[in-house]
Each structure stands twice: as structure tokens, then as C-alpha cells.
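Data block below; observations after.
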Amino acid sequence: MISVVVLISGSGSNLLTLLQKSENPLYPAKIVAVGSDKDAPGLEHAELYEVDTFVVNPEKSASKEKWAETLLANVLHHQPDLVVLAGFMKILPANFVRALKGKLINIHPSLLPDFKGAHAVRDALAAGSAKTGVTIHYVDEGVDTGEIIVQSEVMIEQGDTELSLHERIKKTEHELLASTIEQLAYKQLPATRP
Ligand code: GRF
């Protein structure tokens, strides 16, 4: 069983799927805490599942590095094996990323390296692409540049809006994130067991 901290900024639909999955005793990951940079609506999911939450607002810190240090201290307090950025919308500075190297993953709504950044769904539509998708990757010091773990395609349909396409992408995200964490957990099991 691995311990997972999830960081969110928004509605937390990916988080909710993970919380639901981890109710099953056969699922090999437990969500031990959920953090955010603001009072995100998705924190309510954690509260409902009685999972610890923390909010570290960058506006209350003297610098981005100080904010990241406080955020990191909150994350490490829960001793996670894995930290998942599931719609966490702040760019994390190098001190945070380095401290969690190999343990920090992100879910992104495009087939990276296409459409990096905060408007991936809108950008894929604007480019007239026939398909887009989902990428789960390790986080490095760049923006959406870390080593890719897995990708899944989503076709763009005629008449798709940013909202309809993002909703369909999220359905793929939910399954892909849950199954990827499961696989990462199984890979780690021999190392965590004597
Ligand atoms: C997802 O599309 C994820 O790929 C992106 O932000 C969105 C978060 O959605 N990074 P939710 O908060 O999990 O509903």
C-alpha cells in the first residue's frame, strides 16, 4: 500500500475518483492528505472522505520559494510515497520539485509535448486538431516537460466546445490516473516490503 498526497486547485473530479477507488481495500493506494493553493471547491471531497486537508496560499508568503517550502513541509508531514498534481494550477519552483524527484506526477489534458500550459484543451480546439488526449508525467523543473509515464488519446468531435471536450477528456483522465497510480504502487511494493 502506498501513501498519496494529492494537490488540487479546482473542482477535484480526479481527486474524487481516487478517493472512491481507495475505498476498495484491494486498491493499493491510500490518499493521506489533500493540499491546495486556495480554498478550492474540490477540498470538500477530501472532507467528505475524512482525509486531512491543507491550504498554503502563495499570496500570504514573502516569496514563491518560501511558499513552496511551506507547501513542501505540509506535504512531507504526511510522508507520501507519491505526490499527485491533479489540477494544481500553480507552477512549482525548483526547490519543491527537486525535493520530490521521482515521486511527483502531474496529469495534463493533452498529448504532450503538444499543448503545454494552462489552456491545453482550448489550444487543441483552436489548432483544429483531430485528436487530443491525456498525459501523465513525472514533474521536472519545466512546465509540462517531465518524463512521460502514459498517454491516452481522445478524439475531437465536430461541434465540440472547450467544455464538452474537457468533460470527455476528464472521463479518460479519471480512469488513467487511477490505473497509473495502481501500477506505480505495484512497482514500488517490492521496495517497500522487507
Ligand atoms: C484536469 O483536466 C487536469 O488534467 C488539469 O486540470 C484539470 C483538473 O480537473 N491539470 P479536476 O479538478 O480534477 O476536475
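A 1.4 Å probe run over the chain, with the rest of the protein chains in place, finds 52 Å² accessible per residue.
If I take every Cα pair under 8 Å that is 6 or more residues apart in segment 1-77, average their sequence separation and divide by the length, what percent do I get for the relative contact order? Here the relative contact order equals 29 percent.
Around the Cα centre of segment 2-185, unit charges on the Cβ atoms of Lys, Arg, Asp and Glu (plus for the first two, minus for the last two) sum to a dipole of about 300 debye. Taking 0.36 nm per residue of separation and subtracting the current Cα-Cα distance, fully stretching the chain between S63 and K116 would add 16.6 nm. Here the simple spin-label model places points 7 Å from the Cα toward Cβ, and for A126 and E50 these points are separated by 4.7 nm.
Cross-link pairs exceeding 21 Å in C-alpha to C-alpha distance, out of K21/K171; K38/K66; K90/K131; K21/K187; K116/K170; K60/K101, comprise K90/K131; K60/K101. Taken along its three principal axes, the alpha carbon spread of the chain comes to 49, 43, 32 Å, from the longest extent down to the shortest. Potential lengthening of the chain between D140 and Q183 amounts to 13.4 nm, from the contour at 0.36 nm per residue minus the alpha-carbon distance. Counting protein heavy atoms only, segment 2-185 has 50 percent of its accessible area on carbon and sulfur, 1.4 angstrom probe. Look at the alpha carbon pairs under 8 Å that are at least 6 residues apart: their mean separation over the length of the chain gives a relative contact order of 20 percent. Taking a straight Cα-Cα cut-off under 18 Å and skipping sequence neighbours fewer than 8 places away in the same chain, the aspartates and glutamates within cross-link reach of K103 are E69, D81, D140, E141, D144, E147, E182.
In this structure, E157 and S11 have a Cβ-Cβ separation that, at R0 = 25 Å, corresponds to a calculated FRET efficiency of about 0.65. What does the accessible area of R98 come to, in Å² to the nearest 10, when a probe of 1.4 Å is used? For R98, solvent-accessible area is about 150 Å².
Between the beta carbons of N24 and T172, assuming R0 = 25 Å, the FRET efficiency works out to 0.75 to the nearest 0.05.
The angle separating the long axis of helix 64-77 from the principal Cα axis of greatest extent in the chain is about 60 degrees.
What value, in deg cm²/dmol to 500, does the helix sum -39500 (n - 2.57) over DSSP H runs of n ≥ 4 give at 222 nm once divided by the residues of the chain? Could you put the intermediate results ahead of the total?
Details: 6 runs with 73 residues, N = 194.
Roughly -11500 deg cm²/dmol at 222 nm, from the helical runs in the chain.
Multiplying the residue separation of K101 and E147 by 0.36 nm and removing their Cα-Cα distance gives an extension gain of 15.4 nm.
The values are calculated or read from the model by the stated rules, or taken from the named source; none is laboratory data. The model shown is predicted, which means the values in this text are computed figures rather than measured ones. With ideal geometry, Cβ positions are generated from the backbone for all residues, glycine too; neighbour counts draw on all protein chains shown. Calculation scope for accessible area: heavy atoms of the full protein, side chains included, ligands and nucleic acids excluded. Shrake-Rupley method; radii C 1.70, N 1.55, O 1.52, S 1.80 Å.
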